[in-house]
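Colleague: Can you read through this structure? Questions will come right after.
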Amino acid sequence: MNKKLVAPLSGGAALVLMLTGCGGDDGNKKLDDWAKKVCGQMQPQVKKVLDANSAIASVQLEQDSKKIQQTDSAAFQDNADAYKSLATSIDSAGAPPVKDGDTTQKNAVKALKDLSGAYEGLKKQIDGMNTSDKQKFADGLNGIVSGLNKLNGKSENALKKLQAGDVGKAMTKQPGCRKTSTSATPSGSASASAS
């Protein structure tokens, strides 16, 4: 019943992993200092998102609507908190010292705040769903999937811009922004990770 949520949520995890995986080195001290501020707070939030999405994937074959509701609700809240923290980290670090850094920063912060707000909305939505009628509950999950798919595309674009060029190169040098293992994502959702 919960299988349809796994694909768009894997897309959300991809957004976080996108923040943690670029390559290169340009030796810009100011930019390195900026990346250190951002990346120092990123790893715990990345883990929180991956763990939340793993929890959702863990109930993808669950038949008990109440258990799905409780698991998904908690995971949506964790995602909302993590994306809000990521937005705060990027906001408090200031604009990266590159061309159009101010715009890049503002767009990334907005995308992350939007993502956080959307997850809060999904939590309210799933909390309000009737678990006693399995068909209505399944239909409600379809609406959640649709919302997640739209959101992922918008956020992905802003985050790609944040870590383009020199900003991405500086971020990848920081331990907190290095690509993390995706082992936290259950193998059952691996086929859905291409979004």
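The values are calculated or read from the model by the stated rules, or taken from the named source; none is laboratory data. Source: prediction; values computed, not measured. Quick reminder, even Gly has a Cβ in these numbers, built from the backbone with ideal geometry, and neighbours come from all protein chains shown. SASA here: full protein model, heavy atoms, side chains in, ligands and nucleic acids out. Shrake-Rupley method; radii C 1.70, N 1.55, O 1.52, S 1.80 Å.
Colleague: Name the residues in region 27-43 that are open to solvent by 80 Å² or more (accessible area, probe 1.4 Å) and out of contact with any Pro (no Cβ under 9 Å at 6 or more places or on another chain), would you?
Modeller: K29, K36, K37, Q41
Colleague: Scan region 127-146 and report the pairs whose first residue is over 15 Å from F76 (Cβ atoms) and at pLDDT below 85 and whose second residue is open to solvent by 30 Å² or more (accessible area, probe 1.4 Å) and part of a helix (DSSP H, G or I), with Cβ atoms within less than 8 Å and a gap of 6+ or a chain change.
Modeller: Pairs that qualify, where the first residue is over 15 Å from F76 (Cβ atoms) and at pLDDT below 85 and the partner is open to solvent by 30 Å² or more (accessible area, probe 1.4 Å) and part of a helix (DSSP H, G or I), are N142/K4.
Colleague: Something else: Could you count how many residues in region 73-106 are in contact with a Leu (Cβ under 7 Å, 6 or more places away or on another chain) and of a type outside the set (A, V, I, L, M)?
Modeller: 5
Colleague: In this structure, does G40 turn out to be over 13 Å from V167 (Cα atoms), modelled with pLDDT under 60 and not β-branched (V, I, T)?
Modeller: Criteria not met by G40.
Colleague: Those residues that are open to solvent by less than 30 Å² (accessible area, probe 1.4 Å) and at positive phi, I need them from region 87-143; list them, please.
Modeller: Scanning region 87-143 gives a single hit, G94.
Colleague: Exactly one of (1) surrounded by fewer than 21 Cβ atoms within 10 Å (Cβ to Cβ); (2) free of Cβ contacts under 8 Å to residues at least 60 places away in the same chain is unmet by I56. Its number?
Modeller: So I56 meets the others, but not (1).
Colleague: Determine which member of the set K84, K67, K113, K106 is over 17 Å from I144 (Cα atoms), part of a helix (DSSP H, G or I), over 15 Å from the mean Cα position of the chain (by Cα) and at pLDDT 85 or above.
Modeller: Testing whether each residue is over 17 Å from I144 (Cα atoms), part of a helix (DSSP H, G or I), over 15 Å from the mean Cα position of the chain (by Cα) and at pLDDT 85 or above leaves just K106.
Colleague: Only residues in region 62-79 that are closer than 13 Å to K124 by Cβ count as the first member; pair them with residues that are open to solvent by 10 Å² or more (accessible area, probe 1.4 Å) and aliphatic (A, V, I, L, M), Cβ under 9 angstrom, at least 6 apart or cross-chain, and list the lot.
Modeller: Q69/M129; D72/A55; D72/L122; S73/L122; F76/L122
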